[in-house]
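I have placed the structure first, in the form of structure tokens, so that the comments after it can refer back to it.
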Amino acid sequence: MKVIGLTGGMGMGKSTVAALFQQAGIPVFDADATVRQLQADHGAALGPIAVLVPEAVTNGHLDRAVLRRAVVERPGLLRQLEVILHPMVRAARQDFLTQHRRQGARCVLLDIPLLFETGGQRLCDHVLLVSAPPRLQADRVARRRSLPKAEARKLIARQMPDARKRRLADTVIETGVALSATRRQVRALIKGLNA
């Protein structure tokens, strides 16, 4: 089974590209969706998060806005949250891979924003990076999270720089273009991977 890694900074278009793979019939593991599930009401990650940021968890419910503000205000907090969440996400990813190997899938896509940061590229036969111009990325993050652009830029700055990810990736998919152009890039890539 061929394992494709998909990564890129926040606001770069990973979800759009992952959806294109899914539409092509390729099973997709979504690390962000896994994190949302772990942080859902009474989710497995809420207890440890409440220890770090007590004001963010009330009656088994996570206040994401409070957690986001805490991450922006406390630089070391993001790393502490990753120590909690990454092992849980790795376990879910392993379950996904095991299930699809058993089912005989020819190819799967791992949509993991922190693929390089967590060493996940070692599991992959091919790594794709989605990338867009910095201004567009900041606009997307600000709009999606209802944040001022300055706060969006602070969040982006805490991630591995796009230029470094470009050097590590096997293929770069540009998403700062028309959606039809991104679709063409993905179709060509899927065709090449299946060849």
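The values are calculated or read from the model by the stated rules, or taken from the named source; none is laboratory data. Predicted model only: the values in this text are computed from it and were never measured. Note: ideal-geometry Cβ built from the backbone for every residue, glycine included; neighbour counts use all protein chains shown.
Is there a residue being more than 20 Å from the chain's Cα centre (by Cα) and assigned to a helix (DSSP H, G or I) anywhere in segment 71-87? Within segment 71-87 (the criterion being more than 20 Å from the chain's Cα centre (by Cα) and assigned to a helix (DSSP H, G or I)), the answer is yes, since at least one residue qualifies. Scanning segment 170-186 for residues that are of a type outside the set (Asp, Glu) and in contact with a Leu (Cβ under 8 Å, 6 or more places away or on another chain) yields Thr171, Val172, Ile173, Gly176, Thr182, Arg183, Val186. Within the bounds of segment 81-88, is there any residue that is touching a strand residue (DSSP E or B) at 6+ places or on another chain (Cβ under 9 Å) and surrounded by 13 or more Cβ atoms within 10 Å (Cβ to Cβ)? Checking segment 81-88: not a single residue is touching a strand residue (DSSP E or B) at 6+ places or on another chain (Cβ under 9 Å) and surrounded by 13 or more Cβ atoms within 10 Å (Cβ to Cβ).
Taking segment 1-19 as the range and being hydrophobic (A, V, I, L, M, F, W, C), surrounded by fewer than 22 Cβ atoms within 10 Å (Cβ to Cβ) and either within 23 Å of Arg140 (Cα to Cα) or out of contact with any helix residue (DSSP H, G or I) (no Cβ under 7 Å at 6 or more places or on another chain) (or both) as the test, the residues that pass are Met10, Ala19. Here Pro75 meets each of (1) within 14 Å of Asp30 (Cα to Cα); (2) surrounded by fewer than 17 Cβ atoms within 10 Å (Cβ to Cβ); (3) in contact (Cβ under 8 Å) with a residue 24 or more places away in the chain with one exception, condition (1). Between Gln137, Gln94, the distinction of being among the polar types (S, T, N, Q), touching a residue at least 40 places away in the same chain (Cβ under 8 Å) and surrounded by 12 or more Cβ atoms within 10 Å (Cβ to Cβ) belongs to Gln137 only. Ile26 meets each of the listed conditions (1) of a type outside the set (Gly, Ala, Ser); (2) touching a residue at least 60 places away in the same chain (Cβ under 8 Å); (3) not in a loop (DSSP other than H, G, I, E, B) apart from (3). Taking helices (runs of 4 or more DSSP H) as the structural unit, those lying wholly within segment 104-169 and holding at least 3 residues that are at negative phi and modelled with pLDDT of 90 or more correspond to 162-168.
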